[in-house]
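Enquirer: I am attaching a structure below and will ask some questions about it afterwards.
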Amino acid sequence: MKRGRTGLKSICQTFPSHEEKVKRQKWAPSSFSLTPMQDWGNLPHHIILQIFQHLSLVDRARASSVCRCWNDVFHTPDLWRRFEFELNQPATSYLRSTHPDLIQQIIKKHAQHLQYVSFKVDSCTESAEAACDILSQLVNCTIKTLGLISTARPSFMDVSQAHFVSALTVVFVNSKSLSSIKIDDTPVDDPSLKVLVANNSDTLKLLKMSSCPHVSPAGILCVADQCHGLRELALNYHLLSDELLLALSTEKHVHLEHLRIDVVSENPGQTHFHTIKRSSWEALVRHSPKVNIVMYFFLYEEEFEPFFCEETPVTHLYFGRAVSKEMLGRIGLNCPRLVELVVCANGLEPLDEELIRIAQRCKSLTAIGLGECEVTCSGFVEFVKMCGGRLTQLSIMEEVLIPDSSYNMEQIHSEVSKHLGRMWFPDMMPTW
């Protein structure tokens, strides 16, 4: 009985008394019993808008079906200023695609709200044609930035040039406020660039149009002559000319900030590369002393002859194919503004002398990457010692370094770390 009474007492103590119940009800939070003013559908408009801005398009569309208030917010112009059309063919791509019904809703209700628009298309011509069909319907738009992006092969090049140019011209004519355009790997041509300039010359600041074979040097020169606010330009080397550099250097033109030049050859020995005068480069740098001049090279060794024979104010150099010791020697002599150098491959001759010359002459060099090359450990340490702590990026494969009488692979990382002022190790080739 004693044991039973104790158990009964402890059980009874677990049930609250009447006074405790009243006390708990008094201090209980009221958030679990929503009043009409606290209903989700009655949240302030700006709060719902902030929530929607953090949701994906699919989740936003689902949330819009909660109530009429949320559906009204779904159609707020602020939510439709930035949009990316994803156009993929389900039979050939695993990527998701913007639903056709949503595309039509955007065209009917939100075309005038679109400001920052991009199109991502897969390798199918049908996807690129669908993008052109949408562009041709944006007659009431005020687009500021436009990007046409091929996620695989350049499918826009398979579209009829007349169809593409007609669709692009619709945006060029109606927007009148374009500031940024990315149309790499497309059949844009000189007449469409003239339409762009005629309607957007006061606002255009960025133009990327590498690998556009239907554009001539005269076409890009028209852009430079009229668009005095242009700050960033990306193009192929065949469009670069002395006249273009001089046009970008006139007093009425703003300071250019970024010039990217792609130097590409698909058929060795069949592409002729012209030479740009040193005086034209100097005029550009005098006018825009802080301009970044970026050059990507995809050439064969015998095609480098016209380049870097004279001083060239390039700041970033990327070599996607093998480059000779002679060419790297020219860079050390004639590229004093060089900031970053990436060499994919060279050969079986050590690059000690070339790297040391680059360290001596290129006082602004802060980043270097070497792939299939060879450098002795002593030569590499000397290069790092001359550059010192200004080398913020140093990416060297372990296979590049050749042990010698001064340093082996176990010693190289501590010696280089000492001169860099931070811990450094060579990059390792993945084993999988």
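The values are calculated or read from the model by the stated rules, or taken from the named source; none is laboratory data. Predicted model only: the values in this text are computed from it and were never measured. Every residue, glycine among them, receives a Cβ derived from its backbone with ideal geometry; neighbour counts consider all protein chains shown. Protein only, heavy atoms only, side chains kept; ligands, DNA and RNA dropped before computing areas. Shrake-Rupley method; radii C 1.70, N 1.55, O 1.52, S 1.80 Å.
Enquirer: Hey, can you tell me all the residues within the range 150-162 that are open to solvent by less than 60 Å² (accessible area, probe 1.4 Å) and part of a helix (DSSP H, G or I)? Can you show your working first?
Expert: Initially, the range 150-162 is screened for residues open to solvent by less than 60 Å² (accessible area, probe 1.4 Å), giving 150, 154-156, 159.
Selection gives Ser155, Phe156.
Enquirer: (1) surrounded by fewer than 17 Cβ atoms within 10 Å (Cβ to Cβ); (2) assigned to a loop (DSSP other than H, G, I, E, B): which one isn't true of Val215, the others all being true?
Expert: The one condition Val215 does not meet is (1).
Enquirer: Identify, by number, the condition in (1) touching a residue at least 40 places away in the same chain (Cβ under 8 Å); (2) not in a loop (DSSP other than H, G, I, E, B) that Val197 doesn't meet.
Expert: Unmet condition: (1).
Enquirer: Another question, if that's okay. Name every residue in the range 251-290 that is part of a helix (DSSP H, G or I) and either farther than 19 Å from Val339 by Cα or of a type in the set (Phe, Trp, Tyr) (or both), in order of residue number. So that I can check it myself, show each step before the final result.
Expert: Filtering the range 251-290 down to residues part of a helix (DSSP H, G or I) leaves 278-287.
If the condition is that a residue be part of a helix (DSSP H, G or I) and either farther than 19 Å from Val339 by Cα or of a type in the set (Phe, Trp, Tyr) (or both), then Arg278, Ser279, Ser280, Trp281, Ala283, His287 are the ones that fit.
Enquirer: Mind checking which pairs have a first residue in the range 356-382 that is among the small types (Gly, Ala, Ser) and a second that is at pLDDT below 95 and part of a loop (DSSP other than H, G, I, E, B), Cβ under 6 Å, 6 or more apart or different chains?
Expert: Ser378/Asp404; Ser378/Ser406
Enquirer: Report yes if Val400 is within 31 Å of the chain's Cα centre (by Cα), crowded, with 17+ Cβ neighbours inside 10 Å and more than 14 Å from Val343 (Cβ to Cβ), otherwise no. Steps first, answer last, please.
Expert: Numbers: within 31 Å of the chain's Cα centre (by Cα): yes; crowded, with 17+ Cβ neighbours inside 10 Å: yes; more than 14 Å from Val343 (Cβ to Cβ): no.
Answer is no for this residue.
Enquirer: Gly389 versus (1) surrounded by fewer than 18 Cβ atoms within 10 Å (Cβ to Cβ); (2) closer than 23 Å to Glu349 by Cα: which is the lone unmet condition?
Expert: (2)
Enquirer: Right, something else. Mind telling me which of the residues Cys344, Cys377 ends up being in the same structural domain as Phe308 (by the TED database), open to solvent by 30 Å² or more (accessible area, probe 1.4 Å) and in contact with a strand residue (DSSP E or B) (Cβ under 6 Å, 6 or more places away or on another chain)? Steps first, please.
Expert: Numbers: Cys377 fails: open to solvent by 30 Å² or more (accessible area, probe 1.4 Å).
Matching residue, one of Cys344, Cys377: Cys344.
Enquirer: Further question: Given the options His272, His287, name the one that is without any contact (Cβ under 8 Å) to a residue 12 or more places away in the chain and farther than 24 Å from Gly388 by Cα. Spell out the reasoning first.
Expert: Details: His287 fails: without any contact (Cβ under 8 Å) to a residue 12 or more places away in the chain.
None of the other options fit; the residue is His272.
Enquirer: Inside the range 181-212, can you point out the residues that are buried (at least 21 other Cβ atoms within 10 Å of the Cβ), out of contact with any His (no Cβ under 7 Å at 6 or more places or on another chain) and of a type in the set (Val, Ile, Thr)?
Expert: Ile181, Ile183, Thr186
Enquirer: Moving on to the next point. Look at the range 67-87 and say how many of its residues are modelled with pLDDT under 80, surrounded by 14 or more Cβ atoms within 10 Å (Cβ to Cβ) and not in a helix (DSSP H, G or I).
Expert: Total satisfying the criteria: 1.
Enquirer: To continue, here is another question. Among the residues of the range 370-385, is any part of a strand (DSSP E or B) and closer than 16 Å to Tyr296 by Cα?
Expert: Checking the range 370-385: at least one residue is part of a strand (DSSP E or B) and closer than 16 Å to Tyr296 by Cα.
Enquirer: Given the conditions (1) part of a loop (DSSP other than H, G, I, E, B); (2) over 25 Å from the mean Cα position of the chain (by Cα); (3) over 25 Å from Glu302 (Cβ atoms), and given that Leu204 satisfies all but one, which numbered condition is not satisfied?
Expert: Every listed condition holds for Leu204 apart from (2).
Enquirer: Can you tell me which residue within the range 90-146, out of those that are in contact with a His (Cβ under 9 Å, 6 or more places away or on another chain) and assigned to a loop (DSSP other than H, G, I, E, B), is most open to solvent (accessible area, probe 1.4 Å)?
Expert: Thr142
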